[in-house]
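What follows is a set of notes on a single structure, which appears directly below.
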Amino acid sequence: MGEKKDLQALRAVSPAYAGRNGELTAVLQYVYQSVLLSGCGRDAEAKQLIRIAVEEMHHLEKLGALLVKLGVPPVFTACPPYPVAYYSAANVDYSRPVAQMLAADIRAEQEAIACYTRILDAVKNPDVRAVIEPIRAEEEGHLRILQEMRSAL
């Protein structure tokens with residue numbers, strides 16, 4: 001499966017995939033919030049969050065493909081390929097007031113940006129960097145959108 005394992009890159013990238021604050025959490029959290037807000041008649045916010053969720057799904061897909069290139073199957077754990085610490089939906093922030101949702105989302109995007117910055121600081125592998133740099137840029141865009149949404153409350 002994949003190429004020769006780059007253990008440094010693998011250790012750096014794995015938490016961003018399905019760790020506690022990784023892309024899988026982001027997808028589930030934004031979908032949860034979108035469905036909840038849609039049910040409360042807040043359709044504009046719901047649509048914006050589902051758009052972000054779709055982008056986070058693309059990040060999850062890209063990171064999974066990168067894990068395969070790094071030589072491991074994209075198991076939903078914080079440390080693929082080991083079948084330990086499987087992903088738990090308990091990682092999702094289930095806050096309900098909109099202001100609390102957005103605060104949690106903003107914190108999560110800030111952590112994602114910091115995570116991707118750490119990966120870029122630690123990993124020199126050009127194939128890994130080519131995946132991580134655009135993801136970090138998109139996370140910065142999500143942060144701006146969420147800050148604007150919070151300001152509009």
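Regarding the stretch 67-80, can at least one residue be identified that is of a type in the set (A, V, I, L, M), under 14 Å from the mean Cα position of the chain (by Cα) and over 20 Å from Cys115 (Cα atoms)?
no
Here is a list of conditions, (1) over 11 Å from the mean Cα position of the chain (by Cα); (2) at pLDDT 95 or above; (3) more than 19 Å from Ala99 (Cβ to Cβ); (4) not aliphatic (A, V, I, L, M), and Tyr17 meets all of them except one; can you say which number that is?
(1)
Can you name the condition, by its number, that Gln110 falls short on among (1) surrounded by 17 or more Cβ atoms within 10 Å (Cβ to Cβ); (2) in contact with a Leu (Cβ under 8 Å, 6 or more places away or on another chain); (3) modelled with pLDDT of 95 or more; (4) not charged (D, E, K, R)?
Result: Gln110 fails condition (1) only.
For (1) more than 25 Å from Ala152 (Cα to Cα); (2) surrounded by 18 or more Cβ atoms within 10 Å (Cβ to Cβ); (3) in contact with a His (Cβ under 9 Å, 6 or more places away or on another chain); (4) modelled with pLDDT under 95, each residue gets a yes or a no:
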site	(1), (2), (3), (4)
Lys47	no, no, no, no
Ala53	no, yes, no, no
His58	yes, no, no, no
Lys62	yes, no, no, no
Ala65	yes, no, no, no
Phe76	yes, no, no, yes
Pro80	yes, yes, no, yes
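Cβ-Cβ under 8 Å, sequence separation 6+ or interchain: first residue in the stretch 92-103 and free of Cβ contacts under 8 Å to residues at least 60 places away in the same chain, partner surrounded by 17 or more Cβ atoms within 10 Å (Cβ to Cβ) and not in a helix (DSSP H, G or I). Which pairs?
From residues that are free of Cβ contacts under 8 Å to residues at least 60 places away in the same chain, the pairs are Ala103/Ser95.
The values are calculated or read from the model by the stated rules, or taken from the named source; none is laboratory data. Since we're looking at a predicted model, the values are computed, not measured. Virtual Cβ from ideal backbone geometry, glycine too; neighbours counted across all protein chains shown.
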